[in-house]
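These notes are about the structure you will find just below.
The values are calculated or read from the model by the stated rules, or taken from the named source; none is laboratory data. Keep in mind the model is a prediction, meaning the values are calculated, not measured. Cβ coordinates were reconstructed from backbone atoms using ideal geometry, including for glycine residues, and neighbour counts include every protein chain displayed. Ligands, DNA and RNA are excluded from the accessible area calculation, which covers all protein heavy atoms including side chains. Shrake-Rupley method; radii C 1.70, N 1.55, O 1.52, S 1.80 Å.
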Amino acid sequence: MMAQGEFGVSNDPEINNPNRFSEQPPPPPMVASEGIIATDITSKFTAATGALKPGELVKDAFFTLFEAVGALEIMDPKMDSGCLAPGESLDEDYDVTRPLQPAQVVGIIDQLLCLEMAWHLGYPLSQTLLTNVYIEAMLMPAPTNLREADFIRNHAEGARPDPMFTVLRAYCLGLLKSCWYVTERIKREHYYEEEDFVTNTYHRSLLDNIDRNEISNEIMAARKIIHQMRHALTDKMAWALDFRLGLRTAFLRTIELSELRSNPDSLSLPWHHMQGVWEQIHNSRQLGTPVPEAFSPKIQRKLASTMPPRPIVQLSFEETSDHFRKLIKDGIEVHEVFKYSDPQSLLNFVLTFQAQKPQPLVYIRTLLQFYLFRDMVILDNLSIRKIIDDDLAIVSMPKHRLLDPVNDVVEAPHDARFAMAHQMELFRQRATQSYLDIFRAFCQNRCRVRRTLCHSIQDWETVQMDAEELDQLLQIQLDEKPINFETGSEGVSSPEAAYSLPLSSWAYLYKLRLMEWIVQLGFELETYQPIEMAGMYWYLAYLAKIRTSHLGRIRSFITHRSNELEPKSSTTRARPSPSGPSFSSSGSPSSSNGGRSDTTASFSSEPQFVRSFAYHRVSTLEAAVTWELADGLSALYTALYRLRLIVPPPRPYSSDSLRYDIRMKPFAPIGLPELPSFETFTEQVTRPRKSIGNLLEIAREAIAGAKMGFEALSKYNENEAFAVGCLGRWTEGAKNGIKSAIAAGLAVAAVKNGIAAAAATAPDEEEEDLDLGNFLQVEVPKPEKAYHKWWIVPKVHVGEKKKT
Amino acid sequence: MATTSTAGHASIGLEKTTTTAAVAGPLGALPGELKYVQYEHSLESAYLPAIRALISKDLSEPYSIYVYRYFLYQWGHLCFMALHPEDSSLVGVIICKLEPHASHSPPTLRGYIAMLAVSAAYRGHGVATALVKKAIDAMAQRNADEIVLETEETNVPAMRLYERLGFLRSKKLHRYYLNGNSAYRLVLLLKRIDPDAAADFALDDGDITPR
């Protein structure tokens, strides 16, 4: 009756009647198998279950929901894989030896392309490629060599097989072999089974024991045959078949080259080839004649699976084509990752590559992981130590004594450099995994990226704490003197003596970025309701503001060290500030391009310093525009709530404070920056002392500042942006930021106009009491409708509400 | 390197909110005041077939009888039915469970709305909302700390229903269902989180489904 045997079932004839298709129970089946004696226990079973009360469940403690869901009911056609409708046959009666027209071969191949893509998208083989009768015949029984890998196993001796069979067979060989490679690649990297991809092959071997070169030769031979018959086939048809085989050749070639991982230019060549071939396939799709009977969901019954047959996943050829184009484009672009310049560009490469809509398919995402991490050697020739030291040098430690390779060869234990080398090694051991995990995390699907980051921030919290301990030990070895620096953006001029803490500063910066990404992905994944927007943009602004000020702290120490290294220049002349925008003393952001408080700072011409200051320039500007646009949107949304243009649902079962607990749950364990209390949060978001006019003015100013900042960012070159290899995508992000800021500015203006119009009709009303419903309508767009999925700008429509 | 998704195989993502039109405009008049009845085992023969039929209607993979028994035998008191006032036929049903959530320390008492369905002819009259409220009340009375569920990303009416009651989307679950659709996890917190347990709480991936 079911997979597990822990049950008695209640005696309810309606529910437990296993014979839904007939009134009378059928006679017991004749079980004839050696060593098995069949006994009819129907009456005993019925009597036994009669002793149970309705609803009673006999189960042991190990019978969980999982088992309950896994249990099957025999003779329910949706659960029982062997259940046949009256007159239905178990097997497909398709004859694979029936002659095929060339157009039918094209038709079958095109359908296989659709199914292959559905499989790439995450549907199981059972509902995609393994529904094809030719593939089934080729794989069952499992072929042990190339000759057996054929849907017709018993070719007459010496007879030449039908050329169309040869073509279709070669295609299927290439297809299945590439599926095997794709599955193996995915399985070796980090992915989520059944969420990103189903690796189950249902005990079918995807030709894993057949050599790739043998298969390539078969495809070559088939293409030769097509060439020879091109007159009989017509040129068009010959090309249609040839392109389809050419796609298989090129795809196998991409796989072969990807394993080498070196020489990026040659790696992307077969992908470029595929790109051209795909367009030809697309253009010749009309030549195919569909052969729907060559595909059947019934084949699933033969697979090693308890699941009853499910429908074939049917993508249209147009959808398939779009996905293939995207797959191929990503396959080309992913190889740009080998143009390594620096770790920040690498991070931007991964971030922008994965932020694409739609996100690259799981195969490409695992390919990127493979390129990044194989054998713990980044991009085939960079040690992880080189990457992490490079990153430290850019972010907080340009030309720092702690990063001097000479330290490693000091053998005298009393030498400070010996201790430095030792402590730095401890730090690398502590931080490396967390650092690489950021890259790995962003190679996951977007939902998982966010969930993973929610965990990572706690890890980074401890990395930061451990790093601070090492910083404190190292500052003794370095004989570091504390310096006074102004805590810039806080606006309070309270210089305090402080140490540079370069390692923990580095860790803290990453933690802050991770926290911002969690919030931003929350917008992208439509996790927040319209009524939460003001609060979440406020929190994003809060985090970005802290990051801006933290970058300022790091920069102060770098500037100080650079001055120390070049004492003369620092005292004699002022150099242009390397910094980003400044922040007014009120504590609110403004992107006036003026100098910072330390305009007299100089910086070394030393390339490491130049690079670090360039990094701080772009990072500070990026943090500042995030702060400003988030702050502006928060103020705008708060105004919209107060004007009742966005109305909260009643929510009788919860409170603002309980919802705050849930929403901020990932951030609650973080000590620095501490999650603001609910009261602080409420006060800051609702800004009760600001009038609506004030709020809109704050929004306008911040949004205008953000727009200028995005404009500046959009003009950066790849070195200024630290976007080597990904400048196009990076700039596009900045440009979408500009558009978002423009849209936000328009929304603010529209609200102002609406208020003015409403006030004209009701001059005595306070702003808050105006009934704007007749003048303005607000729509909070879905992320995919926004210019940038992290910037959900409300659409404010002016005019009368449509009567519905 | 595969990580089996803790959110569970799509086929054991149990939540099925067939409230597609539950909050949409009225489709027809209700036949007077519906009766809301808490399930009990003596009602099984009268109502279980109808419950199964109502819930299975929109499921491509119907649950076996054991899934219903699993819930109803252990948490029949958290199952509520909306019945037709005249013939007492089944109009809507909600099925839940409530148990300590294991991966927490200290564990939370977590309610889970497993199934909710309203007969198509009676949607748009707040039947689903009334059933969810009854279930929340029953779970709150039994000291639940939180109530969670998943709903398909495309099921906008269901999300609106839950969000109007106070649920928040806590996370999105990629391709959670067998049809390839993603889901949202919705959470209603009934009590404050113990700050000392916050670390564990945040680490929780909220897997409803047992391993």
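Quick look at the numbers
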read-out	value
Residue check for B:GLY76: open to solvent by less than 20 Å² (accessible area, probe 1.4 Å), closer than 24 Å to B:ASN155 by Cα and without any contact (Cβ under 8 Å) to a residue 60 or more places away in the chain	no
Search result, residues across segment B:51-73 that are facing another protein chain (nearest Cβ under 8 Å) and either open to solvent by 20 Å² or more (accessible area, probe 1.4 Å) or closer than 10 Å to A:VAL69 by Cα (or both)	B:ARG52, B:SER60, B:GLU61, B:PRO62, B:TYR63, B:SER64, B:ILE65, B:TYR66, B:VAL67, B:TYR70, B:TYR73
Some residue of segment A:193-202 being within 30 Å of the chain's Cα centre (by Cα), in a strand (DSSP E or B), within 22 Å of A:HIS120 (Cα to Cα) and not aliphatic (A, V, I, L, M)	yes
Test result for B:ASN155, within 11 Å of chain A (Cβ to nearest Cβ), open to solvent by 10 Å² or more (accessible area, probe 1.4 Å), of a type in the set (S, T, N, Q) and over 19 Å from B:LEU98 (Cα atoms)	no
A:ASP479 open to solvent by 20 Å² or more (accessible area, probe 1.4 Å), out of contact with any Asp or Glu (no Cβ under 7 Å at 6 or more places or on another chain) and within 14 Å of chain B (Cβ to nearest Cβ)	no
Selection count, segment A:724-769, where residues are assigned to a loop (DSSP other than H, G, I, E, B) and open to solvent by less than 70 Å² (accessible area, probe 1.4 Å)	4
Condition met for A:ARG385 (basic (Lys, Arg) and either within 23 Å of A:PHE439 (Cα to Cα) or surrounded by 21 or more Cβ atoms within 10 Å (Cβ to Cβ) (or both))	yes
Any hit, segment B:172-182, residues being within 10 Å of chain A (Cβ to nearest Cβ), over 21 Å from B:ILE51 (Cα atoms) and modelled with pLDDT under 90	yes
Residue under evaluation A:SER81, criteria (1) closer than 30 Å to A:ASN154 by Cα; (2) of a type in the set (Ser, Thr, Tyr); (3) surrounded by 14 or more Cβ atoms within 10 Å (Cβ to Cβ), criterion not met	(1)
A:THR289 vs. criteria within 30 Å of A:ALA238 (Cα to Cα), open to solvent by 30 Å² or more (accessible area, probe 1.4 Å) and β-branched (Val, Ile, Thr)	yes
A:ILE226 more than 14 Å from every other protein chain (Cβ to nearest Cβ), touching a Gly at 6+ places or on another chain (Cβ under 7 Å) and either loosely packed, with under 14 Cβ neighbours inside 10 Å or not polar (S, T, N, Q) (or both)	no
Some residue of segment B:3-16 being within 18 Å of B:VAL127 (Cα to Cα), at pLDDT below 50 and open to solvent by less than 30 Å² (accessible area, probe 1.4 Å)	yes
Segments classed as helices (runs of 4 or more DSSP H), wholly inside segment A:230-285, with at least 1 members that are basic (Lys, Arg), more than 24 Å from A:LYS339 (Cα to Cα) and open to solvent by 10 Å² or more (accessible area, probe 1.4 Å)	A:230-233, A:235-260
Lone qualifier among A:PHE62, A:PHE66, A:PHE45 - being farther than 30 Å from A:VAL291 by Cα, open to solvent by 70 Å² or more (accessible area, probe 1.4 Å), assigned to a helix (DSSP H, G or I) and within 14 Å of chain B (Cβ to nearest Cβ)	A:PHE66
Residues of segment A:687-706 that turn out to be open to solvent by 30 Å² or more (accessible area, probe 1.4 Å), under 36 Å from the mean Cα position of the chain (by Cα) and within 21 Å of A:LYS739 (Cα to Cα), as a count	4
Odd one out for A:ARG185 among (1) away from chain B (no Cβ under 14 Å); (2) in a helix (DSSP H, G or I)	(1)
Evaluation of B:ALA117 against (1) without any contact (Cβ under 8 Å) to a residue 60 or more places away in the chain; (2) in a strand (DSSP E or B); (3) more than 21 Å from A:PHE66 (Cβ to Cβ) (one fails), failing number	(1)
Residue in segment A:397-406 that is within 14 Å of chain B (Cβ to nearest Cβ) and open to solvent by 30 Å² or more (accessible area, probe 1.4 Å) present	no
Residue that is more than 14 Å from every other protein chain (Cβ to nearest Cβ), under 25 Å from B:GLY180 (Cα atoms) and surrounded by 22 or more Cβ atoms within 10 Å (Cβ to Cβ), where the choices are B:ALA82, B:ALA117	B:ALA117
Answer from A:THR452, A:THR462 - the residue that is more than 24 Å from A:LEU368 (Cα to Cα) and among the hydroxyl-bearing types (Ser, Thr, Tyr)	A:THR462
Residue in segment B:139-147 that is more than 10 Å from chain A (Cβ to nearest Cβ), at pLDDT 95 or above and outside any loop (DSSP other than H, G, I, E, B) present	yes
When residues of segment A:307-350 are limited to those that are modelled with pLDDT of 95 or more and small (Gly, Ala, Ser), the one farthest from the chain's Cα centre (by Cα)	A:SER316
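Rundown of residues vs (1) surrounded by 20 or more Cβ atoms within 10 Å (Cβ to Cβ); (2) in a helix (DSSP H, G or I), yes/no style:
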site: A:ASP95; (1), (2): no, no
site: A:ARG98; (1), (2): no, no
site: A:ILE108; (1), (2): yes, yes
site: A:LEU115; (1), (2): yes, yes
site: A:GLU136; (1), (2): yes, yes
site: A:PRO141; (1), (2): no, no
site: A:ASP150; (1), (2): yes, no
site: A:PRO161; (1), (2): no, no
site: A:ARG169; (1), (2): yes, yes
